[in-house]
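*Asks:* Before we start, here is the structure in question, set down as structure tokens.
Every read-out reported here was derived from the displayed coordinates using simple, explicitly stated rules and does not represent laboratory data. Only a predicted model underlies this, so the values are computations on that prediction, with no experimental measurement involved. Neighbour counts are summed over all protein chains in view; Cβ atoms, including those assigned to glycine, are modelled from backbone coordinates with ideal geometry.
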Amino acid sequence: MDQAKKNKQFMMRYANAMNNEKNRNREFIEQWTTDQKLVEHILFFDQAFPGYTGEIEEMTAEGNKVIMKMRMKCKHEGYLGNIAPTHREFEVSAVAGYEIDNEKIVRTWLISDQLDLMKLLGLEKDSLTKP
Amino acid sequence: MASAQKNKEVVIRMVNQLNGVHKDRLLLSQFIADESLIEHFLFFDSLLPANQLLIDELTAEGTRIVLRVRVRGRQEGQAESPREVEFPLVFGFEIEQHRIVHHWLVADQAKLLDQLKIQK
């Protein structure tokens with residue numbers, strides 16, 4: 001099996017483990033990644049949106065890279081920075097890129113529509129009007 | 001040459017052709033068969049005329065391409081001095097016979113709006 005396929009399988013195992021783990025603490029996350037930026041990101045969002053999940057919509061892999069388009073399902077039950085919990089449930093799109101080395105995520109990037117997130121939380125009225 | 005590599009070259013050619021010029025339907029339809037993507041490009045070009053896509057990452061698998069870029073442009077017309085903005089965007093493309101036939105995109109619109117507001 002080529003490396004890209006192996007990395008896709010690894011990322012599916014990672015997504016399933018993250019989605020099903022009730023206690024996503026640092027030790028658990030570090031079983032999957034050496035990228036501290038990713039660890040901090042998951043911990044930050046997990047305290048704002050406890051138990052959030054990511055449903056994979058599309059996966060593209062090449063060499064040591066895997067790109068995942070996801071639908072994040074969240075409930076706002078904790079502080080998001082200085083924003084108090086709104087208790088709203090919502091879904092938002094995100095795209096994340098992962099670089100994998102020896103069955104560990106070593107580098108990541110993530111882009112999501114923060115304006116969409118603010119609107120879903122009822123916190124932002126301005127928006128660009130797209131076609 | 002494998003199709004993934006050929007498709008990457010299609011996308012690179014498209015970006016090179018579109019960068020820094022006003023985009024019209026005729027130019028866009030040389031590369032794009034997906035009408036909603038043409039509308040997106042026209043929309044962004046009306047907001048940031050002759051904008052540029054700076055490629056940060058290009059990933060290909062079969063007929064699919066994921067293109068991560070920064071869109072750099074200048075909002076003209078409403079301000080005394082033009083506003084320079086740059087915001088991240090990711091495209092997913094499906095390519096058939098050298099043209100994009102399907103797409104999705106995720107952009108951080110908050111970053112774009114912040115830059116436009118900050119410079120007001």
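*Asks:* Place a point 7 Å from Cα of A:Gln3 in the direction of its Cβ. Which residues in region A:81-102 have their backbone N less than 16 Å from it?
*Replies:* Only A:98-102 pass the distance filter.
*Asks:* With everything on Cα atoms, drop me the angle between helix A:36-48 and the longest principal axis of chain A, reported from 0 to 90° to the nearest 10.
*Replies:* 40
*Asks:* Now for a separate question. Efficiency by 1/(1 + (r/R0)^6): what FRET value for B:Val21 and B:His98, r their Cβ-Cβ distance, R0 = 22 Å, to the nearest 0.05? Working shown, then result.
*Replies:* Values: r = 20 Å, r/R0 = 0.91.
FRET efficiency, B:Val21 to B:His98: 0.65.
*Asks:* Something else: Give the angle, between 0 and 90 degrees and rounded to the nearest 10, that separates the Cα long axis of helix A:3-20 from the longest principal axis of the Cα atoms of chain A.
*Replies:* 40
*Asks:* Rounded to the nearest 10 degrees, what's the angle between the helix B:3-18 long axis and the longest principal axis of chain B, both from Cα atoms, 0 to 90?
*Replies:* With rounding to tens, the tilt is 30 degrees.
*Asks:* In peptide A:50-59, how many Cβ atoms from other protein chains are near each Cβ within 10 Å, on average?
*Replies:* 1
*Asks:* Under a plain spin-label model, where a point goes 7 Å from the Cα along Cα-to-Cβ, how far apart in nm are B:Leu42 and A:Phe28?
*Replies:* In this crude label model, B:Leu42 to A:Phe28 measures out at 4.9 nm.
*Asks:* How do A:Ile111, A:Ile83, B:Ile100 line up, fewest other C-beta atoms within 10 Å first?
*Replies:* Neighbour counts put them in this order, fewest first: A:Ile83, A:Ile111, B:Ile100.
*Asks:* Related question: Please give the contour-minus-distance gain from A:Met12 to A:Lys104: 0.36 nm per residue of separation, less the Cα-Cα distance, rounded to one decimal in nm. Don't skip to the answer; put the middle values down first.
*Replies:* On the way: separation 92, 0.36 × 92 = 33.12 nm, distance 1.28 nm.
Separation in residues times 0.36 nm, less the Cα-Cα distance, equals 31.8 nm.
*Asks:* According to a simple spin-label model (label point 7 Å from Cα along Cα-to-Cβ), what is the distance in nm between A:Gln114 and A:Asn20?
*Replies:* A separation of 3.4 nm, rounded to one decimal place.
*Asks:* Tell me the Rg and the Dmax, in Å, that the Cα atoms of region B:43-110 produce.
*Replies:* 14.1, 47
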